[in-house]
1. Which of the residues that make up the range 119-168 are touching a Phe, Trp or Tyr at 6+ places or on another chain (Cβ under 9 Å), within 22 Å of E76 (Cβ to Cβ) and either open to solvent by less than 30 Å² (accessible area, probe 1.4 Å) or modelled with pLDDT under 95 (or both)?
2. Which of the numbered conditions does D182 fail, given that it passes all the others? Conditions: (1) surrounded by 12 or more Cβ atoms within 10 Å (Cβ to Cβ); (2) touching a residue at least 40 places away in the same chain (Cβ under 8 Å).
3. Can you name every one of the helices (runs of 4 or more DSSP H) wholly within the range 129-207 that holds 2 or more residues which are more than 13 Å from T28 (Cβ to Cβ)?
4. Take the range 114-137 and flag every residue that is closer than 15 Å to F22 by Cβ and in contact with a Pro (Cβ under 9 Å, 6 or more places away or on another chain).
5. Among the numbered criteria (1) surrounded by fewer than 16 Cβ atoms within 10 Å (Cβ to Cβ); (2) closer than 24 Å to P58 by Cβ; (3) of a type in the set (K, R), which single criterion is violated by R85?
6. Report whether or not T91 is among the β-branched types (V, I, T), within 10 Å of the ligand (Cβ to nearest atom) and within 30 Å of F15 (Cβ to Cβ).
7. Can you pull out the residues in the range 20-32 that are open to solvent by 40 Å² or more (accessible area, probe 1.4 Å) and either among the hydroxyl-bearing types (S, T, Y) or part of a strand (DSSP E or B) (or both)?
8. Can you tell me which condition D106 does not meet? The list is (1) touching a residue at least 60 places away in the same chain (Cβ under 8 Å); (2) among the acidic types (D, E); (3) away from the ligand (no atom under 14 Å from the Cβ), and all the others hold.
Amino acid sequence: MRGLQVRVLLGAPNFHSMFIVFEGIDGTGKSTQVGLLAETLRARGREVITSKEPTDGPHGTRLRQSAETGRLSSQEELDLFHRDRKEHVETLIKPALARGAVVILDRYFFSTMAYQGIRGFDPAEIRRINEEFAPLPDLVFILELDLDTALSRIGVRDGQANEFEQRDALQKCHDVFASLDDDFIHRIDADQTPEEVHEAIVKLIPE
Ligand code: TMP
């Protein structure tokens, strides 16, 4: 009995796992904030795994390539995002959380709700499908920026051929992110220096 207790104690991780996700439209500085938060939490002695979606795995790579080589049908695209995420959850996210690490992601299924939502799928249905295989995060930071600033940060200029199309798409994605109201969602003003944004985020991370 005593031996069993000792083994259980030794086997337990020193820290509770933490699953943190950054979301927001393009140009809001998510990847910078993933890096800054990882540094801060590593300095606290945590094991931190950072990753992004789409991933660098075979499905994610196909999705990224399709942005240049011609867009897939909306159904094919949705299926690939789901296959990519299933692999991500099984091979990286769940094992890291199980050993008590912090996992920080640049995009997760809230992006599928937004970006495939605007291609005609119901965001609520996308969420239902994802929740069958993808664990809910502990914290989601939605970086918020007005459309003009986001468009200029991603290099889209007023009057350019695709300016209207991009503006319309980002506005619709913004609306899906704005509709999320779970307790774990936190909205962060991204129209500040990266350090100020980081400071606002760190205040929301439990010690
Ligand atoms: P990023 O690497 O700049 O974040 O670009 C990834 C692109 O993929 C971005 O335009 C959003 C898009 N995306 C989706 O359409 N659906 C998804 O589920 C995810 C994770 C990303």
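1. Answer for the range 119-168, where residues must be touching a Phe, Trp or Tyr at 6+ places or on another chain (Cβ under 9 Å), within 22 Å of E76 (Cβ to Cβ) and either open to solvent by less than 30 Å² (accessible area, probe 1.4 Å) or modelled with pLDDT under 95 (or both): I126, N130, A134.
2. Of the numbered conditions (1) surrounded by 12 or more Cβ atoms within 10 Å (Cβ to Cβ); (2) touching a residue at least 40 places away in the same chain (Cβ under 8 Å), the odd one out for D182 is (1).
3. Numbers: elements: 147-153, 163-179, 194-202.
Counting at least 2 such residues, we get 163-179, 194-202.
4. Hit for the range 114-137 is A114, nothing else.
5. Here R85 clears every test but (1).
6. Against the criterion (among the β-branched types (V, I, T), within 10 Å of the ligand (Cβ to nearest atom) and within 30 Å of F15 (Cβ to Cβ)), T91 does not qualify.
7. Narrowing the range 20-32 to residues open to solvent by 40 Å² or more (accessible area, probe 1.4 Å): 26, 31-32.
S31, T32 - these are the residues of the range 20-32 that are open to solvent by 40 Å² or more (accessible area, probe 1.4 Å) and either among the hydroxyl-bearing types (S, T, Y) or part of a strand (DSSP E or B) (or both).
8. (3)
The values are calculated or read from the model by the stated rules, or taken from the named source; none is laboratory data. These numbers were taken from a predicted model, which means no experiment stands behind them. We place every Cβ from the backbone using ideal geometry, glycine too, and count neighbours over all the protein chains shown. Please note that ligands, DNA and RNA were not included when accessible areas were found on the heavy atoms of the full protein model with its side chains. Shrake-Rupley method; radii C 1.70, N 1.55, O 1.52, S 1.80 Å.
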